[in-house]
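Have a look at the structure below before the remarks.
The values are calculated or read from the model by the stated rules, or taken from the named source; none is laboratory data. Just so you know, these numbers come straight off a predicted model, no measurement behind them. Please note: Cβ atoms are built from the backbone with ideal geometry, for glycine as well, and neighbour counts cover all protein chains shown. The accessibility values were calculated without ligands, DNA or RNA, using every heavy atom of the protein model including side chains. Shrake-Rupley method; radii C 1.70, N 1.55, O 1.52, S 1.80 Å.
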Amino acid sequence: MGHDHDKCHRGFYQTLERPDTKSPCCNLTDCRPTSGRQVDGHYEVKVNGAWVSVPPAKILKQSAPDLGFHVCAPFKFNGQPDHLYCVVVPPEI
């Protein structure tokens, strides 16, 4: 997922701020579209092929241009939910 995502998401990613530090959330190397789901009242997203539970404090209150899930995490993400930079979820219906 995410091949050529920079063409429509570059400007969007540049506006994101990490909820915990208020610093820039990500750039084109660590933000990407992903799969996501709601499980037992919380979100999970796929990062590097593995499902990761998203801490509520990592969820941004804005929608992506494609209205999908996006994750911003270190390139060498170690699977620890607290190490996610931020997560964008689709708008709730």
Checklist line | Positive-end residue of L60, G36, C25, charge dipole of the chain with Cβ unit charges | finding: C25
Next item on the list: Would you kindly give the portion of the calculated P(r) for the chain that falls above 21 Å, as a percent of all Cα pairs?
Entry: 21 percent
Next item on the list: Kindly rank 33-40, 63-70 from highest to lowest mean number of other beta carbons found within 10 Å of each residue.
Entry: 63-70, 33-40
Checklist line | Solvent-accessible area per residue, Å², over the chain with all protein chains present [probe radius 1.4 Å] | finding: 60 Å²
Checklist line | Mean Cβ count within 10 Å, highest first, over the residues of peptides 82-90, 41-49 | finding: 82-90, 41-49
Item checked: Net dipole in debye of the chain [+1 Lys, Arg Cβ; -1 Asp, Glu Cβ; about Cα centre; nearest 20] -> 140 debye
Check: Spin-label point model (7 Å from Cα, Cβ direction): what's the V39 to E92 distance in nm?
Finding: 2.0 nm
Next item on the list: Could you check how much of the accessible area of the chain is carbon and sulfur, as a whole percent, using a 1.4 Å probe?
Entry: 53 percent
